[in-house]
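No lab work stands behind these numbers, since they all come straight from the coordinates. No experiment lies behind these values; they were computed from the predicted model shown. Because the Cβ atoms are built from the backbone with ideal geometry, glycine has one as well, and the counts that use them run over all protein chains shown.
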Amino acid sequence: MFDLRYGAEAELFRQEVSGFLADAWRPDGRRGDALSEHVRDVRSAATERGYLYRGIPKRYGGSEQPLDIVRAQVIREAFAAARAPMEIGGNGMAMLVPTLLERGTEAQRERFIRSTLDGTYIWGQGYSEPGSGSDLASVRCRGELDRDEWVINGQKTWTSDGARATHMFALIRTEPHAPNHAGISYLLIDLNQPGVTRRPIRQITGEATFSEIFFEDVRTPADWIVGARGEGWAVSRTTLKHERASIGSADALGGTFAKLVDLARTTLRDGRPAIEDPVVRETLGRIEGWVLAHRCSSYRLFSLAAAGEEPGLVGLMMKLLLTETGHDMALLAQELIGDAALIEPAPPGTRGRGSEKWLDQILGTLGNSIAGGTTNIQRGIIAERGLGLPRDLAMGSA
């Protein structure tokens, strides 16, 4: 038997965090605005108590707590149970801040991190370009140094939060005569300036959470480069590491599966609940096996991290497992809702109900297989870096 309890000390800490939330958080205080005054107050108080932004130094707006994997997990669980707001998410907190802490200069950390934590800066990710999707080394958006500024021309696409982003971290080709990987730099760009044009990308769900961004003689300070000139490829891998870790979280997978089981119980087939159909039950059982495997792997990663050990191959598998399992659930949901899968998704900005909500989830899984590196690219990484297969064989197996 595995003992999944965190220990007496952790449970006392859980009571402390839960007690704070019971006193500080009003569930009706969100009012649909993640930056409402009450949400800001709760986040500020939680940071002062050492619950949020734990790995970020106080001089940048964090709580500067010692690394404690168990306490961090207890905090996440307590906030989730109270449905209370944790750290502001998005590209800035999930990807850029960890990258700056690892690879940025002191001036960059002081300039950008605090304003990212409090939501003043909203970051778009400027990696993909037309013709340069998974092959990021082929980016063509160029930057030329003009005294103390970079002058940027070109295009980025599939920029998440592009319509409202105030800034972008981007891969820019600054060394046109260098080999592909060596010619890229990692630049930070203010998007609220002349020469920046945004064009929303309408998705299959009807939403427009991504944008194309066009640059025409856009300028950014010369010292807004993370890492040295031509080191953008290495810096970008730091960012992608954090992106894939956030995408690979197991927190939501079990909840989606529970809703899928409810859908099978309430959907009728020949006058009987669909869950009584042996084919549906077999499919649910197979999916649940993957959901539990993902959960078990999450516990394994958690235990390894708490012990200060490297995750090894399993760490590379989490994002792939989550997206593949999510897609399997979507296929079954599509079969269960039947003709309702032909309706249009819920209008942008509204909360769909019933089949509309499932349709959003079904269509959304298609994007999840691309975000953070396509499924085939992930398989290639696992084969090449995890299993040690030769590159040509690894990519061929993908």
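Computed from Cα positions, the angle between helix 278-306 and the longest principal axis of the chain comes to roughly 50 degrees. Helix 69-82: angle to the longest alpha-carbon principal axis of the chain, degrees 0 to 90, nearest 10? Computed tilt is about 60 degrees. Segment 194-223 and segment 252-291 have Cα centres spaced 41 Å apart. In plain terms, the chain from residue 286 to residue 366 could stretch by 26.8 nm, reckoned as 0.36 nm per residue minus the Cα-Cα distance. Note that segment 8-87 carries a Kirkwood radius of 12.8 Å, evaluated over its alpha carbons pair by pair. Semi-axes of the equivalent ellipsoid of segment 103-239 are 21, 19, 14 Å, computed as sqrt(5λ) over the eigenvalues of the C-alpha gyration tensor in descending order.
The residues neighbouring residue 114, those whose beta-carbon lies less than 12 Å from its own, together hold a net charge of +2 under the Lys/Arg +1, Asp/Glu -1 convention.
The distance between label points at residue 44 and residue 228 comes to 4.3 nm (points 7 Å beyond Cα on the Cα→Cβ vector).
Against the empirical curve 2.2 N^0.38 Å, the C-alpha radius of gyration of the chain lands at a ratio of 1.05. What percent antiparallel are the DSSP beta bridges of the chain, to the nearest 5? For the chain, the DSSP antiparallel bridge percentage is about 85. On a 0 to 90° scale, report how tilted helix 355-368 is relative to the longest principal axis of the chain, with both axes built from alpha carbons and the result rounded to the nearest 10. The angle comes out near 40 degrees.
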